[in-house]
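Read the structure below first, then the notes.
The values are calculated or read from the model by the stated rules, or taken from the named source; none is laboratory data. As the structure is a prediction and not an experimental result, all values here were calculated from the model. A quick note on method: Cβ atoms are made from the backbone with ideal geometry, for glycine too, and the neighbour counts reach across all protein chains shown.
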Amino acid sequence: MCGLAGIAIVVLALVRSASASAADASTDARRAAFKQAYATAQQQGGDAWRAQARGLRDYVLYPYLEAAALEHDLATLDLARVQAYLSRHPGSIPADDLRRAFLGELARRQDWTGFLALYRGGLGDALTCDALQAHMAQGQRLDFDRDLAALWQKPSLPDACDPVLAAAHEAGLLTPTRLWARIDRAVAAGAGGTVAALANWLPRRDAVAAQRLALALRDPAAAAAQAARWPDTPHHRQAVAIALQRLARSDANQADKAWLTLRRRFHFSDEQRNGVLNALALFHATDFDDHALQRLAELPAAAQSDATREWRVRVALAEQDWRAVLSAIDALSPEQQRDGEWRYFRARALAALGKPAQAQRQYTALAGEPTYFGFLAADRSDAPYALCPWTLGDDDARARSLLADIGMQRAFELFAVDLPRDARREWARALRGSDEATRRQAALLAYRRGWYDRAIFTFSSGDALRLYEQRFPLASQDGVVPQAQQAGIDPSWAYAIARAESAWMSDAHSGADARGLMQLLPATGAQVARRYGLPWSGADSLYDPVVNVQLGTRYLAQMAQRYNGAPWLASAAYNAGPVKLDQWLAARGTLPPDVFTATIPYKETREYVARVMAFSVIYDWRLSGSAVPLDQRLTPIGTTYLPPAADTVRKAVRCPADAGTQPAASGSGVAPAAASSAPDS
């Protein structure tokens with residue numbers, strides 16, 4: 001009996017395995033067919049894709065195929081075909097996209113009757129203005145409150161609104177009062193182009209003042225140079241104050257000289273005067289000019305801000321004047337003083353001033369926090385890193401409900417066929433209005449499918465910050481470990497860069513055209529490929545995680561080689577560029593690494609270095625169960641750093657709540673801050 005039962009169990013297992021394999025093969029085949037048909041639909045339009053899509057009628061992504069073909073054929077489409085598609089797929093994302101695209105085409109054709117037949121509200125400012133044009137074409141008169149009041153609140157509008165605004169001006173709807181109200185909003189937003197455009201509709205005297213406001217925003221140096229000939233009117237005073245504050249950002253010395261002249265000519269308000277004094281002190285500080293510390297300390301209380309108080313500490317650190325550091329920290333707001341960065345540097349100052357017991361108390365308290373500065377404090381107090389992982393339990397009923405939802409099905413399938421942008425849109429729509437438990441369960445399902453960025457962005461608050469496995473994925477399929485090892489760099493550092501750069505979004509694309517997991521510029525990718533003899537098939541290949549990691553690890557190796565292997569300096573160069581870093585090193589290259597990082601002028605780069613170095617500790621722990629101490633990664637400037645080896649001394653990681661227990665098991669992670677005590681997202 002037992003033998004027969006055992007045989008039956010084995011047979012059943014084999015049948016199930018075969019069935020699962022067949023199902024996987026069928027799914028893979030459908031996805032491959034979809035990709036082929038989708039590419040054809042996008043590139044050729046028409047009906048050529050249909051032959052490749054046979055058998056996909058019931059596939060959850062089938063509506064995307066026809067929509068792609070129709071969008072390709074926009075110039076030749078008629079309204080009936082679009083309406084037919086919309087009626088078959090009402091409310092779907094591809095239907096919404098097709099509606100927007102075809103409305104834009106109808107506006108281009110000036111087919112206003114067709115446009116109004118298809119239009120509905122809430123599709124963006126450009127189509128709102130096109131709709132107003134359509135109504136005007138049919139004889140409707142503009143009404144400011146009904147048609148323009150909402151648009152008028154925007155500091156800038158798309159070009160499609162220009163004809164509508166011109167018509168409103170011709171109709172006498174854009175009164176000086178209304179024009180100045182919008183100019184004020186545009187000035188606050190720094191939209192100089194909007195100010196200049198609106199100035200043309202003001203009476204001549206007002207127009208001159210408005211154009212000078214636009215000049216202050218667009219060319220503050222020119223405005224400051226011309227201001228001595230301007231009248232002392234409210235709008236001119238506003239323009240001069242703006243010009244001086246913006247000029248201080250690029251040339252504090254020139255702004256200083258202009259201020260000495262202009263402060264006697266114009267009767268600035270207290271707010272304007274304080275704004276200029278604030279900017280002058282702040283940007284002399286970011287330049288680390290002589291007397292910058294004194295200027296910050298003497299800045300009137302009404303002219304101070306969190307930024308000037310913070311930079312008073314940074315300048316004192318750059319001068320390694322530890323008494324001034326303590327005084328500057330004491331002058332911070334109570335909220336700023338609670339930040340981990342300033343608690344750490346208070347301890348550094350106390351230690352430097354011969355107060356080791358007070359310093360150790362500060363370090364010990366901070367070492368209990370899973371942050372960059374907590375890790376530094378743990379190193380200085382010889383404490384283990386304090387990390388407390390948490391596990392999110394499965395909710396089977398909720399998971400089944402999510403997997404049965406058509407929107408979630410589309411989201412997961414779009415991710416599987418390498419359309420992550422569309423996948424994120426379906427994800428957001430499917431989870432709109434859902435509760436936290438549902439969103440977390442969805443993120444867990446996504447993580448298990450290799451869709452890591454959903455977990456990273458979802459697990460961004462509360463206890464979920466301790467879901468370290470999901471928030472810091474190892475993503476072995478992308479080849480980070482072997483590629484980093486081949487490049488001669490620490491894999492944990494390569495992981496940290498990818499995590500900080502893209503949050504594991506393979507299609508991440510910056511405004512500077514950096515692409516993919518490690519945010520490489522196409523020119524950089526091509527250069528690295530040539531240098532190492534690696535294949536290169538163009539800029540879009542950077543969206544392939546395997547290609548991106550292969551090239552990105554080599555580029556990291558180049559940066560590390562430039563800075564004696566130091567990952568913290570190479571990280572700064574990776575973010576700000578080596579030219580800027582070299583300038584900072586020339587000015588302050590004798591500072592200790594933690595102090596030098598705190599004096600980096602760019603906030604983004606300061607926080608980036610802190611984030612990457614903390615993430616390196618996390619990933620080191622995730623890979624090995626312990627961590628190379630952070631202070632060993634922060635090698636002094638000019639000394640050589642070697643990646644961790646088998647005999648490298650490593651640091652234990654424990655949860656403070658479990659003091660005295662064994663270190664946490666490998667496979668966990670931690671959520672450090674970028675440059676504060678709050679974990680990042």
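Report whether or not ARG323 is assigned to a helix (DSSP H, G or I), surrounded by fewer than 24 Cβ atoms within 10 Å (Cβ to Cβ) and either polar (S, T, N, Q) or at pLDDT 95 or above (or both). Write out each step before concluding.
Working: assigned to a helix (DSSP H, G or I): yes; surrounded by fewer than 24 Cβ atoms within 10 Å (Cβ to Cβ): yes; either polar (S, T, N, Q) or at pLDDT 95 or above (or both): yes.
Criteria met by ARG323.
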Could you please find all residues in region 121-154 being free of Cβ contacts under 8 Å to residues at least 12 places away in the same chain and farther than 24 Å from THR177 by Cα?
GLY121, GLY122, GLY139, GLN140
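Listed residues ALA84, ALA67; which is assigned to a helix (DSSP H, G or I) and either buried (at least 19 other Cβ atoms within 10 Å of the Cβ) or among the acidic types (Asp, Glu) (or both)?
Details: ALA84 fails: either buried (at least 19 other Cβ atoms within 10 Å of the Cβ) or among the acidic types (Asp, Glu) (or both).
One residue alone meets the criteria, ALA67.
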Residues satisfying the stated conditions in region 142-167, i.e. assigned to a loop (DSSP other than H, G, I, E, B) and over 29 Å from the mean Cα position of the chain (by Cα):
LEU142, ASP143
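Does region 266-275 include one or more residues that are outside any helix (DSSP H, G or I) and among the hydroxyl-bearing types (Ser, Thr, Tyr)?
The first filter runs over region 266-275 and keeps only residues outside any helix (DSSP H, G or I), leaving 266-269.
Okay, now just the ones that are also among the hydroxyl-bearing types (Ser, Thr, Tyr), so 269.
The answer is yes; a qualifying residue exists.
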If you take the residues in region 454-481 that are small (Gly, Ala, Ser) and not in a helix (DSSP H, G or I), which one is nearest to TYR619 (Cα to Cα)?
ALA475
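Out of everything in region 509-564 that is charged (D, E, K, R) and farther than 26 Å from LEU419 by Cα, what residue ends up being surrounded by the most Cβ atoms within 10 Å (Cβ to Cβ)?
We begin by selecting, within region 509-564, every residue charged (D, E, K, R); these are 513, 515, 530-531, 540, 544, 554, 562.
Narrowing the set further to residues that are farther than 26 Å from LEU419 by Cα leaves 530-531, 554, 562.
Working: ARG530: 10, ARG531: 12, ARG554: 21, ARG562: 15.
Ranking the qualifying residues of region 509-564, first place goes to ARG554.
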Which members of region 534-566 meet the condition of being closer than 21 Å to ALA475 by Cα and either outside the structural domain of GLY488 (by TED's automatic domain parsing) or in a loop (DSSP other than H, G, I, E, B) (or both)?
ASP544
Could you check, for region 590-611, whether at least one of its residues is among the acidic types (Asp, Glu), under 21 Å from GLU310 (Cα atoms) and either buried (at least 21 other Cβ atoms within 10 Å of the Cβ) or over 24 Å from the mean Cα position of the chain (by Cα) (or both)?
yes
Can you say whether THR194 is surrounded by 21 or more Cβ atoms within 10 Å (Cβ to Cβ), within 28 Å of LEU173 (Cα to Cα) and not basic (Lys, Arg), as far as the supplied structure shows?
yes
